[in-house]
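Remarks on the structure that follows.
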Amino acid sequence: MTLSETSTVCCLVVARRPAKILEIGTYRGLTTLNLALNAPLAEVHTVDITDTWGSYYYAARPEVTNIHQHYGDTSSFNFGDKVGDAIDLCLIDGRHDYEQVRNDTMKVLPLMSDDGILLWDDYGRNDFLSEFETFKVSQFIHEIKGSGVCVLYGTGLVFLQLSSEIKQRLMAQLKTDIAPRTELQYEAT
């Protein structure tokens, strides 16, 4: 994440004071560290597919004791067993292909608190303009645009403030088989 994106997430965390945070996609743990430092009373759960990236930024910070590191492919990861429910803030920044972004959203949505916040990173990479772009976050976001998602200006972050009604509508929409749109369909809409 860029400095402005990390700062934006930290401001949201400080303003909202979530009790439970979930980050999908740890990588080196810099965002994880910032989440934990800005929400020292929160449980910060982070999931990554592997631990082979090297040492985590938070590993050298003994004062950070609220991070719970999990490993696994989120396609088969059981968030309910490992993280639980009542997630107040979730940042989806793992694999960026369409199917995985959709999967991660579908799996986390029922575990979110009714007034929770969903964030997706890496929006705006022109992924719907080229079939060769591997990032498909924008494509997914465009398909759920009726849910109230908004792009946070100056970042690649997308924000959704949940309510019980928004959660139910979005879960119903995601349960239907949404075929990925082609680049021509995006030009027409």
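The values are calculated or read from the model by the stated rules, or taken from the named source; none is laboratory data. Predicted model only: the values in this text are computed from it and were never measured. Because the Cβ atoms are built from the backbone with ideal geometry, glycine has one as well, and the counts that use them run over all protein chains shown. Side chains included, ligands, DNA and RNA excluded: accessible areas come from the protein's heavy atoms. Shrake-Rupley method; radii C 1.70, N 1.55, O 1.52, S 1.80 Å.
Assorted remarks:
- In order along region 48-61, the Karplus-derived 3J(HN,Hα) couplings, from 6.51 cos²θ - 1.76 cosθ + 1.60 at θ = phi - 60°, round to 9, 6, 8, 10, 8, 6, x, 6, 8, 4, 6, 4, 8, 10 Hz, and Gly and Pro are given as x.
- From its DSSP helices (H runs of at least four residues, each -39,500 (n - 2.57)), the chain gives a residue-normalised ellipticity at 222 nm of -9500 deg cm²/dmol.
- About the Cα centre, charge dipole magnitude for region 42-109 (Lys/Arg +1, Asp/Glu -1 at Cβ), debye: 40 debye
- Between residue 176 and residue 147, the contour length at 0.36 nm per residue exceeds the Cα-Cα span by 9.0 nm.
- Under the convention that each Lys and Arg Cβ holds +1 and each Asp and Glu Cβ holds -1, the size of the dipole of the chain around its Cα centre is about 380 debye.
- Distance (nanometres) between label positions extended 7 Å along Cα→Cβ at residue 82 and residue 165: 3.5 nm
- Cα-based reach from residue 136 at 25 Å (exclusive), listing lysines while leaving out same-chain residues under 8 positions away: 107, 145, 167, 175
- Couplings for region 80-91, taken from phi via the Karplus curve 6.51 cos²θ - 1.76 cosθ + 1.60 with θ = phi - 60°, read x, 6, 8, 10, x, 10, 6, 6, 8, 8, 10, 10 Hz in order; Gly and Pro are left as x.
- Taking the C-alpha atoms of the chain, convex hull volume expressed per residue in Å³: 117 Å³
- Relative contact order, percent, the chain [alpha-carbon distance under 8 Å, six or more residues apart]: 18 percent
- Å² per residue, accessible surface of the chain at 1.4 Å: 50 Å²
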